[in-house]
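Data first, discussion second: the structure below is written as structure tokens.
Any read-out appearing in this document is the output of simple, stated calculations on the displayed coordinates, not a laboratory observation. Since this is a predicted model, take the numbers as computed values, not measurements. Here the Cβ positions follow ideal geometry from the backbone for every residue, glycine too, while neighbour counts run over all protein chains shown.
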Amino acid sequence: MKVAVIQMSPVFLDKKASWQKLKALILEAIGEGASVITWAETLLPGYPVWMGMTDSARWNQPEQKRAYSTYVREAVSLDGPIVTEMREIASEHEIMLMGGILEAGISSVYCTLLTIGFEGEILGRHRKIKTTYDERLIWADGDIEGLRTYDTPEGKIGGLNCWENWIPLARAALHQEGEMIHVAVWPGSYSLTKDITRFMAMEGRSWILSACGVYRGEDFGHLSLDDFPMRDEMLKAGGLYSGGSMIVGPTGEIIAGPLPDYDEGILYADVYKRTVVEERQNFDYSGHYSRPDLLTLTRK
């Protein structure tokens, strides 16, 4: 089964334009025969990269409030036109889509890993269970409703958002459900992801699809100061997140990627259930190498 990892820069704070860009790459990956296609954390409409670069934590700061309101405006509704079009593409081409969106709630927003199945159905939405550092000023905490796996022809697939991949119990929850292919979505930094990606592959004897974004200061130029008061400050920021997407096999070998820093493109690999089974002969930490009579994971 061919899988694809898309690495791209969003049209920041413009979900419609970002979707058009992402859609073109999805269709390109379909043309190359990909059956499962992934992309980075909250790529639609972008990761809140400005939070670590501006005066984001100051209480009652008007510029931050304005940027936040623009960000919330650009959140993606699960019953809206973008997700509807994703579902149509998945159904028409019999593919699975699994990638990051900023999900619109009633008033709050969530860092969501959305999974759309081969028949175009929404299989699940995994809202990040614990937002990281300054993300807590933007995103609401999620839940474990979407912390599960889904069937593919080459084994069960699951996924986690960014630093959730560093939470052993979150990884274990997916392994308990038989995960063989793992999607890890990030804002984009090879230095941040290279070690944990290979570790997860070796730990789980699993295929790892690590999807990263690309962010540069110059990408903020299209925004108005009314929508994004920190625009000029961000334009001077230079390189922010350089990418680092890769696909890693069950023994920890890098199969595809990483792309050169700040490049956009698509990585491909063929993944096989049989390879996972072979590698789990000597280590299967949710199977024969576990002791559920001594150690168990309990969901709440």
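A count restricted to region 134-151 and to residues that are closer than 25 Å to ASP14 by Cβ and touching a residue at least 12 places away in the same chain (Cβ under 8 Å) stands at 7. Just the residues that are surrounded by fewer than 16 Cβ atoms within 10 Å (Cβ to Cβ) and under 30 Å from TYR262 (Cβ atoms), please, taken from region 162-191. Listed by number, the residues that qualify are TRP166, ILE167, SER191. Check region 206-229 and report whether any residue there is more than 23 Å from the chain's Cα centre (by Cα), buried (at least 18 other Cβ atoms within 10 Å of the Cβ) and among the hydrophobic types (A, V, I, L, M, F, W, C). Yes - at least one qualifying residue is present in region 206-229.
Only residues that are buried (at least 19 other Cβ atoms within 10 Å of the Cβ) and either among the polar types (S, T, N, Q) or over 24 Å from LYS300 (Cβ atoms) (or both) were counted in region 133-156, giving 5. Looking across region 126-184, the residues that are in a helix (DSSP H, G or I) and under 17 Å from the mean Cα position of the chain (by Cα) come down to GLU135, CYS162, TRP163, GLU164, ASN165, TRP166, ALA170, ARG171, LEU174. Within region 35-56, if we keep just the residues that are of a type in the set (Gly, Ala, Ser) and surrounded by 24 or more Cβ atoms within 10 Å (Cβ to Cβ), the residue that is farthest from GLY155 (Cα to Cα) turns out to be GLY46.
Return the residue satisfying two criteria in turn: it lies in region 112-124 and is buried (at least 19 other Cβ atoms within 10 Å of the Cβ) and not small (Gly, Ala, Ser), and of such residues it is nearest to TRP50 (Cα to Cα). The residue in question is THR112.
Just so you know, in region 75-93 the residues that are in contact (Cβ under 8 Å) with a residue 40 or more places away in the chain and surrounded by fewer than 21 Cβ atoms within 10 Å (Cβ to Cβ) include one that is farthest from the chain's Cα centre (by Cα), and it is HIS93. As a summary of the residue check, LEU174 satisfies the conditions (1) of a type in the set (A, V, I, L, M); (2) in contact (Cβ under 8 Å) with a residue 60 or more places away in the chain; (3) touching a helix residue (DSSP H, G or I) at 6+ places or on another chain (Cβ under 9 Å) except for the one numbered (2).
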